[in-house]
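**Student:** My questions all concern the structure below.
The values are calculated or read from the model by the stated rules, or taken from the named source; none is laboratory data. Note that the structure is predicted; figures quoted are calculated from it, not measured. Every residue, glycine as well, gets a Cβ built from its backbone with ideal geometry; the counts of neighbours run over all protein chains shown. Note: areas computed on protein heavy atoms with side chains; ligands, DNA, RNA excluded. Shrake-Rupley method; radii C 1.70, N 1.55, O 1.52, S 1.80 Å.
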Amino acid sequence: MDDKCAVVITGASSGIGRACSLFLDQRGYRVFAGVRTFSAAEKLKTEASSRLAPIMLDITDTAQIRRAVQEIKTKLGISGRLVGLINNAGIILSGPLEFFPLERLREQLHVNVIGPIAITQAFLPLIRDGKGRIINMGSASGLFAPPFLGPYAASKFAMEAWTDALRRELRPEGIPVSLIESGAIETPIWDKSQAIANFLESELPDHGKTLYANALAIGRKQIENLRRRAASPLVVAKVIHKALISHNPKPRYLVGMDAHAQAFISRWVPARLVDDVIAKLLFRD
Ligand SMILES: NC(=O)c1ccc[n+]([C@@H]2O[C@H](COP(=O)([O-])OP(=O)(O)OC[C@H]3O[C@@H](n4cnc5c(N)ncnc54)[C@H](OP(=O)(O)O)[C@@H]3O)[C@@H](O)[C@H]2O)c1
């Protein structure tokens, strides 16, 4: 890969975005790594080659998106090509939908749905010029919605939909669009989302606690079990790389046994049966 081939990766400060940035940097790409703080930019620079350029990019900030596009356009010059946009940045907000604060729901959808669409709109001209492609970081939660993960699952189901629509809109131009549907990956997102979930649970009204506290505690244990089997972010970085170099990239890449299981359940197991099993697991006395 020559260093005229550039990629933009959002949410590169940690987890999958960081692993992907370093992996593609090692393979010779010119990586524009979206971060939100100077300390994250400095840290990433110490871990990568001099090719990697951190870019200040909060995907909910319109002015920052505009500046990032200009900056990257200038840095690409006339010979550089943007060959990939990787919409990776995301957050997980969770809790019982009955009491879920609507401003938090807006935040979830802003970061995980509107933000990546805004980024895609802004970078599409450069992707088109560079004969590049778009890779969206979906999730197994875009296929199967467990209780209490409604806000996050809604955002990733939405990503399934708009990725399909975009892929079909760009097909005539030959711009591939792929979705990564990953299962559990060991990243800081688990601790961040648990901290927010704990806070939101503490804010539940008393009757909310009566209704849901037991099930939430059981759910927490199940999440801990799932996390114990979580894969390394490098596994996802390698799949993203595959989607980036494939001559015939797939619309979807399922990553991990747990993602395959959730895809199978959502497709083949009757919803009533799934609901019964979940109710027995979570809402037992
Ligand atoms: N970990 C998993 O098990 C898993 C499984 C399936 C899918 N995913 C998806 O993978 C993606 C990356 O998650 P991760 O697990 O690597 O989590 P992570 O380590 O928490 O990384 C999330 C990244 O998103 C960034 N971010 C958050 N809000 C942003 C905003 N408004 N603008 C720009 N960047 C923002 C964070 O930046 P700051 O450091 O500045 O907050 C961070 O760099 C997410 O879309 C997630 O839904 C994760």
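**Student:** Looking at the stretch 40-55, is at least one residue near the ligand (Cβ under 10 Å from one of its atoms) and closer than 23 Å to residue 124 by Cβ?
**Tutor:** The answer is no; no qualifying residue exists.
**Student:** A further question on this structure: Looking at the stretch 213-235, I want the residues that are under 21 Å from residue 18 (Cα atoms) and have a partner that is of a type in the set (Asp, Glu) with Cβ atoms under 8 Å, at least 6 apart or on another chain. Which pairs are those?
**Tutor:** 227/186; 229/258; 230/186; 231/186; 232/186; 233/186
**Student:** Working only within the stretch 160-188, note down all residues that are within 12 Å of the ligand (Cβ to nearest atom), in contact with a Ser or Thr (Cβ under 8 Å, 6 or more places away or on another chain) and hydrophobic (A, V, I, L, M, F, W, C).
**Tutor:** 179, 185
**Student:** Right, next: Quick one: which residue in 77, 28, 95 is at positive phi, open to solvent by 20 Å² or more (accessible area, probe 1.4 Å) and of a type in the set (Gly, Ala, Ser)? Before you say what the answer is, go through the steps one by one.
**Tutor:** On the way: 28 fails: open to solvent by 20 Å² or more (accessible area, probe 1.4 Å); 95 fails: open to solvent by 20 Å² or more (accessible area, probe 1.4 Å).
Exactly one of 77, 28, 95 is at positive phi, open to solvent by 20 Å² or more (accessible area, probe 1.4 Å) and of a type in the set (Gly, Ala, Ser), namely 77.
**Student:** Something else: What residue, among those in the stretch 1-43 that are within 23 Å of residue 130 (Cα to Cα) and hydroxyl-bearing (Ser, Thr, Tyr), is farthest from the chain's Cα centre (by Cα)?
**Tutor:** Result: 29.
**Student:** How many of the residues making up the stretch 1-46 are assigned to a loop (DSSP other than H, G, I, E, B) and not basic (Lys, Arg)?
**Tutor:** Kept after step one, since they are assigned to a loop (DSSP other than H, G, I, E, B), are these residues of the stretch 1-46: 1-4, 10-14, 27-29, 36-37.
When the remaining residues are screened for being not basic (Lys, Arg), the result is 1-3, 10-14, 28-29, 37.
Final tally of qualifying residues: 11.
**Student:** Then there's this: Considering only the stretch 118-135, I want to know if a residue exists there that is more than 20 Å from residue 244 (Cα to Cα) and either within 14 Å of the ligand (Cβ to nearest atom) or under 16 Å from the mean Cα position of the chain (by Cα) (or both). Outline the logic, then answer.
**Tutor:** Initially, the stretch 118-135 is screened for residues more than 20 Å from residue 244 (Cα to Cα), giving 118.
Then drop every residue that is not either within 14 Å of the ligand (Cβ to nearest atom) or under 16 Å from the mean Cα position of the chain (by Cα) (or both), which leaves 118.
Checking the stretch 118-135: at least one residue is more than 20 Å from residue 244 (Cα to Cα) and either within 14 Å of the ligand (Cβ to nearest atom) or under 16 Å from the mean Cα position of the chain (by Cα) (or both).
**Student:** Of everything in the stretch 104-123 that's of a type outside the set (S, T, N, Q) and without any contact (Cβ under 8 Å) to a residue 40 or more places away in the chain, which residue is most open to solvent (accessible area, probe 1.4 Å)? So that I can check it myself, show each step before the final result.
**Tutor:** Start the filter on the stretch 104-123 by keeping residues that are of a type outside the set (S, T, N, Q), which leaves 104-107, 109-111, 113-119, 122-123.
So of that shortlist, the ones also without any contact (Cβ under 8 Å) to a residue 40 or more places away in the chain come out as 106-107.
Details: 106: 156, 107: 72 Å².
Filtering first and then ranking leaves 106.
**Student:** Another question about this same structure. What is the one condition in (1) open to solvent by 40 Å² or more (accessible area, probe 1.4 Å); (2) within 11 Å of the ligand (Cβ to nearest atom); (3) in contact with a Gly (Cβ under 7 Å, 6 or more places away or on another chain) that residue 37 does not satisfy?
**Tutor:** (3)
**Student:** Shifting gears a bit: Go through (1) buried (at least 18 other Cβ atoms within 10 Å of the Cβ); (2) more than 10 Å from the ligand (Cβ to nearest atom) and name the single condition residue 141 misses.
**Tutor:** Going through (1) buried (at least 18 other Cβ atoms within 10 Å of the Cβ); (2) more than 10 Å from the ligand (Cβ to nearest atom) one by one, residue 141 breaks only (2).
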